[in-house]
1. State which residue is modelled with the lowest pLDDT when the search covers only segment 29-65 and only residues that are in a helix (DSSP H, G or I) and β-branched (Val, Ile, Thr).
2. Could you please find all residues in segment 21-70 being more than 18 Å from the chain's Cα centre (by Cα) and within 16 Å of ASP11 (Cα to Cα)?
3. Quick check, is ALA69 loosely packed, with under 15 Cβ neighbours inside 10 Å and modelled with pLDDT of 95 or more?
4. If you take the residues in segment 46-66 that are closer than 15 Å to GLU20 by Cβ and among the hydrophobic types (A, V, I, L, M, F, W, C), which one is surrounded by the most Cβ atoms within 10 Å (Cβ to Cβ)?
5. List pairs: first residue in segment 3-30 and more than 26 Å from ARG65 (Cβ to Cβ), second residue modelled with pLDDT of 90 or more and not β-branched (Val, Ile, Thr) anywhere in the structure, Cβ distance under 8 angstrom, at least six positions apart or on different chains.
6. Here is a list of conditions, (1) of a type outside the set (D, E, K, R); (2) over 16 Å from GLY54 (Cβ atoms); (3) exposed (fewer than 13 other Cβ atoms within 10 Å of the Cβ), and ALA15 meets all of them except one; can you say which number that is?
Amino acid sequence: MKHEEELRRLDEELARLRAEVAGMRDQVGDLGATDANERAQMINMADEQENLIGELEARRAALLRSADAE
């Protein structure tokens, strides 16, 4: 896969994941007084998504460095 295509794909995935995390965080705030376990699970899922975002951002940065070196 060309660097440009992979960068485009990563950018799309990052945008999607960021929107999902924002939605999860908003939903946690909107839950009010609900089951603490449910809130903790949603926060954990959002944290996991943010970790994935960090990994994808690192991949994107590596691709950009690689493309600049060529």
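1. Quick first cut of segment 29-65, residues in a helix (DSSP H, G or I) only: 29-30, 36-65.
Narrowing the set further to residues that are β-branched (Val, Ile, Thr) leaves 43, 53.
On the way: ILE43: 90, ILE53: 96.
Per the criteria, the residue is ILE43.
2. Within segment 21-70, LEU64, ARG65, ALA67 qualify.
3. no
4. Across segment 46-66, the extreme among qualifying residues is ALA46.
5. As it stands, the answer is GLU20/GLN49; MET24/MET45; MET24/ALA46; MET24/GLN49; ARG25/ALA46; VAL28/ALA46, since those pairs meet every condition given.
6. The failed condition is (2).
The values are calculated or read from the model by the stated rules, or taken from the named source; none is laboratory data. None of the values given here were measured: they were computed from a predicted structure. A quick note on method: Cβ atoms are made from the backbone with ideal geometry, for glycine too, and the neighbour counts reach across all protein chains shown.
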